[in-house]
Amino acid sequence: MSDNALLRPNRFGIFLPPYNIAGISPNVLLKQAMDLVVHADEFGLDEAWIGEHHSGGAEIIGSPEVMLAALSQVTSNIRLGTGVNSLSYHHPFNLAERLMLVDQLSKGRAMMGFGPGQLVSDAYMMGVDTNRQREMMAESAEAIVRLINGEIVTMETDWFKLDEARLQVLPYNRRKPFDMVVASVASPSGPRTAGRLGTGMLTMSVAGAGDSLRSAWSVAETEAEYAGTTISRENWRLSNFMHLADTEEQARKDFEYGFAEMWDYLGQISVIPKADTDDLNEKIDAALETGIIFLGTPDSAIEYIESLVEETGGFGCFLMNTNDFASPAAQLRSIELMAERVAPHFRGQFDGVDASRDWTLAKRNETGETIWKDQAVNAIELATKQYEEEVARREQAAS
């Protein structure tokens, strides 16, 4: 594939784990999360994904499908996805039913993400063996895909059973495939499952990790060919921690709100490296060097996403992972900048206005002024002269 043929994203959205700082009412945090999605909808972003977590105190949404059901009633156009459901914690039939309910409530805007479960503490509380979670995810995902596709499923594993199971309520739009994705982070299990089932893929992107990103897609393609399914880069979503502001300085200043607390938390419960300093700017610099986060302006975000296109070979959707690194107000502004400047660049929304502006300003006379200015001045002078002549005629007639 030539560079000119690389697929550039034409869909943009937000990804909300969400990570929240301590000391704020859970009720307020849930409202703030909903406000972010409503704002993204009002500003024309395409998708919003909400995570599922059950411990730690920073990620308090245990049922993303319940949040999506609520959001379906206060949004109009944005598509709503579980990002992602931890399949090893649920019977697949119950989960598929709940997503179909969300799809009906949203009139066909629901999407579903599959994952094994992120937090080890969640699995511990529920007695789930973390070494088996990926296998359980693959088994459950197979059942869910078949159920949502309208099949009658008889299937038995060592942790769930289905006997002639069928969903009463199927997707809102049966003529369009229901959008399902598999989470992909570090292991090949996500791409393997996506390829085998013919679903999309949602990958946490890391700048400079082009080899691993390309490898993830290669695994998915190999497994799809083996299973006889079809996958498309259009259905590949990349997500990264991203915060935008009007200036680089403001973006960094916004991180004074909660970055230190959140980064220290993530360093203790995930594979994200621990910060070896208490200095905020040094923490930010170290995080930026890993490529796990991005902060900057719309212009630098465009360059960053273009680099991801080159590193991956192309993808269809970019999701901005937004959280309490910055204040709720700063997150809202970040969403606005994504919608105002970044998404339109990739969608081609500036093409017409830019071409028209260039054409308009290119029409110039020998003095270097635009011909439109000359014509405007001439028209004003003519109108003034004609009015003066009319006044003179009236005065002459009255005398």
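The values are calculated or read from the model by the stated rules, or taken from the named source; none is laboratory data. Just so you know, these numbers come straight off a predicted model, no measurement behind them. In this analysis, Cβ positions are derived from the backbone assuming ideal geometry, glycine residues included, and neighbour counts consider all displayed protein chains.
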Open item on the list: Report every pair of residues separated by at least 6 positions or lying on different chains whose Cβ atoms are under 8 Å apart, first residue within the stretch 315-331 and touching a residue at least 40 places away in the same chain (Cβ under 8 Å), second part of a loop (DSSP other than H, G, I, E, B) and β-branched (Val, Ile, Thr).
Closed with: ASP324/ILE21; GLN331/THR322
Open item on the list: For the stretch 315-332, which positions are part of a helix (DSSP H, G or I) and in contact with a strand residue (DSSP E or B) (Cβ under 8 Å, 6 or more places away or on another chain)?
Closed with: ALA330, GLN331
Open item on the list: Among the residues that make up the stretch 187-197, is at least one of them part of a loop (DSSP other than H, G, I, E, B), surrounded by fewer than 12 Cβ atoms within 10 Å (Cβ to Cβ), in the same structural domain as ARG98 (by TED's automatic domain parsing) and not hydroxyl-bearing (Ser, Thr, Tyr)?
Closed with: no
Open item on the list: Is it the case, given these coordinates, that GLU303 is in contact with an Asp or Glu (Cβ under 8 Å, 6 or more places away or on another chain) and among the acidic types (Asp, Glu)?
Closed with: no
Task: Residues satisfying the stated conditions in the stretch 225-247, i.e. farther than 21 Å from TYR304 by Cβ and aliphatic (A, V, I, L, M) - done: ALA227, ILE231
Task: Qualifying residue in the stretch 17-24 (condition: within 20 Å of ALA329 (Cβ to Cβ), of a type in the set (Gly, Ala, Ser) and surrounded by 15 or more Cβ atoms within 10 Å (Cβ to Cβ)) - done: no
- [ ] Please verify whether the stretch 159-169 includes one or more residues that are touching a residue at least 24 places away in the same chain (Cβ under 8 Å), surrounded by fewer than 21 Cβ atoms within 10 Å (Cβ to Cβ) and closer than 30 Å to ASN240 by Cα.
- [x] no
Open item on the list: Being part of a loop (DSSP other than H, G, I, E, B), more than 30 Å from LYS31 (Cβ to Cβ) and among the β-branched types (Val, Ile, Thr) is true for just one of VAL271, VAL353. Which residue is that?
Closed with: VAL271
Task: The one condition in (1) farther than 22 Å from PRO273 by Cα; (2) assigned by TED's automatic domain parsing to the domain that holds PHE15 that ILE292 fails to fulfil - done: (1)
Open item on the list: Can you pull out every residue in the stretch 8-27 that is closer than 15 Å to GLU59 by Cβ and either of a type in the set (Gly, Ala, Ser) or in contact with a Cys (Cβ under 6 Å, 6 or more places away or on another chain) (or both)?
Closed with: ALA22
- [ ] For the stretch 152-186, name all the residues that are assigned to a loop (DSSP other than H, G, I, E, B) and in contact with a strand residue (DSSP E or B) (Cβ under 9 Å, 6 or more places away or on another chain).
- [x] ILE152, ARG166, PRO171, TYR172, PHE178, ASP179, VAL185, ALA186
- [ ] Considering (1) at positive phi; (2) at pLDDT 95 or above, say which one SER239 fails and leave the rest.
- [x] (1)
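For (1) at pLDDT below 95; (2) exposed (fewer than 11 other Cβ atoms within 10 Å of the Cβ); (3) of a type in the set (Lys, Arg); (4) within 22 Å of PHE43 (Cβ to Cβ), each residue gets a yes or a no:
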{"position": "ASP285", "(1), (2), (3), (4)": "yes, no, no, no"}
{"position": "THR290", "(1), (2), (3), (4)": "yes, no, no, no"}
{"position": "ILE305", "(1), (2), (3), (4)": "no, no, no, yes"}
{"position": "SER334", "(1), (2), (3), (4)": "no, no, no, yes"}
{"position": "GLN349", "(1), (2), (3), (4)": "no, no, no, yes"}
{"position": "GLY352", "(1), (2), (3), (4)": "no, yes, no, yes"}
{"position": "GLU369", "(1), (2), (3), (4)": "yes, no, no, no"}
{"position": "THR384", "(1), (2), (3), (4)": "no, yes, no, no"}
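Yes/no matrix, rows are residues, columns are (1) hydrophobic (A, V, I, L, M, F, W, C); (2) in a strand (DSSP E or B); (3) under 15 Å from PRO191 (Cα atoms); (4) in contact (Cβ under 8 Å) with a residue 12 or more places away in the chain:
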site	(1), (2), (3), (4)
ASP211	no, no, yes, no
ARG214	no, no, yes, yes
GLU221	no, no, yes, yes
TYR226	no, no, yes, yes
LEU238	yes, yes, yes, yes
HIS243	no, yes, no, yes
GLY267	no, no, no, no
ALA275	yes, no, no, yes
Open item on the list: Take the conditions crowded, with 17+ Cβ neighbours inside 10 Å and out of contact with any helix residue (DSSP H, G or I) (no Cβ under 9 Å at 6 or more places or on another chain) and apply them to MET204. Does it pass?
Closed with: yes
Open item on the list: Quick test for you: out of ALA343, ALA275, pick the one residue that is crowded, with 17+ Cβ neighbours inside 10 Å, touching a Phe, Trp or Tyr at 6+ places or on another chain (Cβ under 8 Å) and modelled with pLDDT under 95.
Closed with: ALA275
